[in-house]
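See below for the structure under consideration.
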Amino acid sequence: MSRRPPEPVQAVKKRRDAALSALVQSVPYAGFLGISFDRRGDELTAVMSFDEKLIGNPFLPALHGGATAAFLEVTAIIELAWSLVWEEIETGLHGADGMDPMRVIQMPKTIDFTVDYLRSGLPRDAYARARVNRSGRRYASVHVEAWQDNRARLFAQATGHFLMPRRIGKD
């Protein structure tokens, strides 16, 4: 029995990066807020680059609560969608270029999202990581934590529940 030779590392990295880029581009508000994602293997860290338009209280100054909540929600949705397509990306179902550009990406829909504002967000870059607590065929629960300079010193956290998209060929 002959085994298929392993893919070159560059091809795997290119496919993963293309898939992540397609996911992020499917959420236009992420671009408006300046949210990008740093990928290390299957782990994603969201980065919201500081911009003056994100300031809610210019006297402190502090990040706007709505921008913070949106940052956390986008992070949760992208993490959840990433966990859905990871298996397809790894098995090469999308080809060498990542995700098929003609494929409509089905994103999870928010059922509810609760944000805990732990302290004021300072006028600087913010980072967040999401953890999928439960993901089933119809429902998922995600927890997100956001920090700025020190990961141990969170400025916000959130928990969200999401309606999962129907997976073609799975139902």
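The values are calculated or read from the model by the stated rules, or taken from the named source; none is laboratory data. As the structure is a computational prediction, the values presented were derived from the model and not from experiment. Here the Cβ is made from the backbone with ideal geometry for all residues, glycine too, and neighbour counts use every protein chain on show.
Okay, residues lined up against (1) among the polar types (S, T, N, Q); (2) part of a loop (DSSP other than H, G, I, E, B); (3) more than 14 Å from PHE71 (Cα to Cα); (4) touching a helix residue (DSSP H, G or I) at 6+ places or on another chain (Cβ under 8 Å):
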residue	(1), (2), (3), (4)
VAL115	no, no, no, yes
ARG129	no, no, no, yes
ASN133	yes, no, yes, no
ALA146	no, no, no, yes
ALA152	no, yes, yes, no
GLY160	no, no, no, yes
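Does ARG4 qualify as being surrounded by fewer than 17 Cβ atoms within 10 Å (Cβ to Cβ) and more than 14 Å from ARG124 (Cα to Cα)? Yes.
Looking across the range 3-19, the residues that are of a type outside the set (Val, Ile, Thr) and either under 23 Å from the mean Cα position of the chain (by Cα) or part of a helix (DSSP H, G or I) (or both) come down to GLN10, ALA11, LYS13, LYS14, ARG15, ARG16, ASP17, ALA18, ALA19. Screening the candidates SER26, SER83, SER49 for the property of being closer than 27 Å to HIS143 by Cα and at pLDDT 90 or above yields one hit, SER49.
Would you tally the residues in the range 1-49 being touching a residue at least 40 places away in the same chain (Cβ under 8 Å), closer than 22 Å to HIS64 by Cβ and among the hydrophobic types (A, V, I, L, M, F, W, C)? Full working, then the answer.
Quick first cut of the range 1-49, residues touching a residue at least 40 places away in the same chain (Cβ under 8 Å) only: 7, 11, 14-24, 26-27, 29-30, 33, 35, 37, 42-49.
Now narrow it down to the ones that are closer than 22 Å to HIS64 by Cβ: 24, 27, 29-30, 33, 35, 37, 45-49.
Of the ones still in play, those that are also among the hydrophobic types (A, V, I, L, M, F, W, C) are 24, 27, 30, 33, 35, 37, 46-48.
Looking only at that region, the number is 9.
Restricting attention to the range 130-171, the residues being surrounded by fewer than 17 Cβ atoms within 10 Å (Cβ to Cβ) and out of contact with any Phe, Trp or Tyr (no Cβ under 8 Å at 6 or more places or on another chain) number 19.
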